[in-house]
Amino acid sequence: MMNKLAVEVSGLTVRRGRRTVFDGLDLAIRAGEVTGVLGPSGCGKTTLLRSIVGAQAARGGRGEVRVLGLPAGSRELRTRVAYATQAASVYDDLTVMQNLRFFARALGAPRGDAERVAELVGLRDRAGQRVESLSGGQRGRVSLAAALLGAPEVIVLDEPTVGLDPVLRAELWDLFERLAGEGAALIVSSHVMDEALRCDRLLLLRDGAVVADTTPDELLETTGARDPETAFLAVIESGNRAGEATRHRGRHEGEGSARSLAEGGVS
């Protein structure tokens with residue numbers, strides 16, 4: 001049976017100054033899956049994630065983002081949607097456990113939940129250490145642990161494995177898969193194409209557009225590539241050729257119309 005929709009994006013338009021990040025973006029994300037949002041820096045990954053959690057204003061008057069059936073950012077979603085940003089959103093002058101207990105109280109998480117999530121991300125042995133003394137990767141794991149408090153239904157993670165060694169990266173992806181297996185919708189952004197193989201579904205972005213909505217197996221099969229990075233480049237090249245063909249056809253149609261007007265006049 002197909003999993004229920006956790007996120008629905010319809011006609012999303014986001015502008016920053018004169019730059020349009022998204023212009024009428026449409027997509028849907030299901031619960032019980034790890035959805036990877038991949039693409040080069042500046043393609044709109046973080047803007048999409050911020051839109052899903054309600055931290056990004058949509059402009060243009062026609063964009064809508066619904067999460068668990070409610071408008072993104074709704075008060076009712078406060079304990080149901082979690083977001084871990086690229087930069088660790090924790091207090092440097094507190095210990096790991098003090099941070100987690102503080103956020104647990106703010107969310108109304110069950111007693112002992114701080115210890116649970118510290119164990120999940122492999123930070124139990126750092127519980128009494130001040131965050132300011134941790135490495136960048138460890139700080140990121142504290143932020144991830146805070147996002148997992150209270151068993152949220154939608155978990156949005158922006159580049160969660162940056163700065164981690166391969167062993168820790170693999171352990172975290174095992175965790176993401178386990179959480180999805182328990183019914184949560186995980187939305188994970190990354191520019192590391194190898195991580196695409198750990199996802200159930202892939203959204204490949206470029207210049208604010210979804211250039212592919214697929215699965216890892218389908219991506220490799222349709223492109224004939226052996227690895228995700230080569231496959232992604234093949235998708236981009238295919239899009240470039242299609243765009244050039246459209247522009248070429250448009251020029252010829254325009255020239256044909258001009259000749260018709262010149263030969264037949266305007267009625």
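The values are calculated or read from the model by the stated rules, or taken from the named source; none is laboratory data. This one's a predicted model, so the numbers in the text were calculated from it and none came from an experiment. Reconstructed Cβ throughout: ideal geometry from the backbone, glycine too, with neighbour counts over all protein chains shown.
The table that follows gives values for the structure above.
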read-out: Candidates Thr222, Thr230, Thr246, filtered to the one that is modelled with pLDDT of 90 or more, assigned to a helix (DSSP H, G or I) and over 26 Å from Gly32 (Cβ atoms); value: Thr230
read-out: All positions within segment 12-47 that are out of contact with any strand residue (DSSP E or B) (no Cβ under 9 Å at 6 or more places or on another chain) and either outside any loop (DSSP other than H, G, I, E, B) or surrounded by 21 or more Cβ atoms within 10 Å (Cβ to Cβ) (or both); value: Arg16, Arg19
read-out: Whichever residue in segment 207-231 is at positive phi and touching a residue at least 40 places away in the same chain (Cβ under 8 Å) and, among such residues, is farthest from the chain's Cα centre (by Cα); value: Asp207
read-out: Residue satisfying condition, being modelled with pLDDT of 65 or more, under 30 Å from Ser135 (Cα atoms) and of a type in the set (Lys, Arg), within set Arg206, Arg198; value: Arg198
read-out: Residue that is free of Cβ contacts under 8 Å to residues at least 60 places away in the same chain and surrounded by fewer than 17 Cβ atoms within 10 Å (Cβ to Cβ), where the choices are Arg124, Arg169; value: Arg124
read-out: Residue under evaluation Thr95, criteria (1) among the β-branched types (Val, Ile, Thr); (2) buried (at least 21 other Cβ atoms within 10 Å of the Cβ); (3) out of contact with any helix residue (DSSP H, G or I) (no Cβ under 6 Å at 6 or more places or on another chain); (4) over 17 Å from Val53 (Cα atoms), criterion not met; value: (2)
read-out: Single residue of Gln56, Gln86 found to be surrounded by fewer than 19 Cβ atoms within 10 Å (Cβ to Cβ), out of contact with any Cys (no Cβ under 9 Å at 6 or more places or on another chain), of a type in the set (S, T, N, Q) and at pLDDT below 95; value: Gln86
read-out: Number of the exception - Ser143 against (1) within 24 Å of Asp174 (Cα to Cα); (2) over 24 Å from the mean Cα position of the chain (by Cα); value: (2)
